[in-house]
Amino acid sequence: MACRRGALIVLEGVDRAGKTTQCKKLVQALQQSGRAAELMTFPDRTTTIGQLISAYLEKKSDLEDHTVHLLFSANRWEMVPLMKKKLEQGTTLVVDRYAFSGAAFTSAKPGFSLDWCMKPDVGLPKPDLVLFLQLSPTEAALRGQFGEERYETSAFQKAVQQKFEQLIKDPSVNWQVIDASQNVEDVHRDITTHSLNTVNKAQNLPIGELWK
Ligand code: FDM
């Protein structure tokens, strides 16, 4: 019998919602329950494309807005063969940001439609579950100052949040909104419950294609 595939689980949300902490805790929890699980992060700053993106985010270089959008997308596409291989081998991938950040962040810039921003990512492996860590701007502000990277301002983050709200309305994607204002362990418990259900359901299903 063919090996049961792993699930593709994505965490999204605005800055300081706790995505990175929760991704790590979820990978540990899945592994402790005896399932193969690995963390992936986008942008993946280790590749040649990722290094261009990283310099842009650190404001060490400037890139034209369409160009950087396409680089973020290319940075996902270059990982697709590895992602598919791992999923097919039965490893669940927990992904810190994906095409939804791509569409939300660029479309928050003037002159970009959400529709145009989604196009380059059409056909990527479709997540079996997208967990949106919901945190109001007021609650985010209580968690401390923004960092120094590009996009880390409250006005831009508010615009990004609105774009995420539009993306969440798309019923073709399995969104689950998580209340990220809870304490770390309560958020983790909610995320783990949804993820275990998804891992069990996804194992016999083919990998879907995003936004197709
Ligand atoms: N970001 C991330 C984008 O603008 N497009 C994308 O496709 C992705 C994946 O890059 F500001 C933005 C979102 C965030 C930055 O920051 C990455 P972190 O702190 O490394 O997640």
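Here is a yes/no grid of residues against (1) farther than 22 Å from residue 121 by Cα; (2) within 14 Å of the ligand (Cβ to nearest atom); (3) more than 18 Å from the chain's Cα centre (by Cα):
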{"position": "131", "(1), (2), (3)": "no, no, no"}
{"position": "138", "(1), (2), (3)": "yes, no, yes"}
{"position": "161", "(1), (2), (3)": "no, yes, no"}
{"position": "165", "(1), (2), (3)": "no, no, no"}
{"position": "170", "(1), (2), (3)": "no, no, no"}
{"position": "180", "(1), (2), (3)": "yes, no, no"}
{"position": "185", "(1), (2), (3)": "yes, no, yes"}
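Could you run through the range 66-110 and say how many residues are assigned to a helix (DSSP H, G or I), closer than 27 Å to residue 161 by Cβ, without any contact (Cβ under 8 Å) to a residue 60 or more places away in the chain and hydrophobic (A, V, I, L, M, F, W, C)?
So the count comes out to 7.
Counting just the residues of the range 87-106 that are surrounded by 20 or more Cβ atoms within 10 Å (Cβ to Cβ) and more than 10 Å from the ligand (Cβ to nearest atom), which one comes out nearest to residue 176 (Cα to Cα)?
Here the answer is 94.
Which one of the conditions (1) surrounded by 21 or more Cβ atoms within 10 Å (Cβ to Cβ); (2) modelled with pLDDT under 95; (3) away from the ligand (no atom under 13 Å from the Cβ) does residue 2 fail to meet, given that it meets all the rest?
All conditions are met except number (1).
Within the range 149-160, identify whether any single residue is more than 19 Å from residue 65 (Cα to Cα) and of a type outside the set (D, E, K, R), and answer yes or no.
Checked the range 149-160: at least one residue is more than 19 Å from residue 65 (Cα to Cα) and of a type outside the set (D, E, K, R).
Could you tell me which residue of the range 8-65 is nearest to the ligand (Cβ to nearest atom), considering only residues that are of a type in the set (Val, Ile, Thr) and in a strand (DSSP E or B)?
That would be 41.
The values are calculated or read from the model by the stated rules, or taken from the named source; none is laboratory data. Because the structure is predicted, anything quoted here is derived from the model rather than measured. Reconstructed Cβ throughout: ideal geometry from the backbone, glycine too, with neighbour counts over all protein chains shown.
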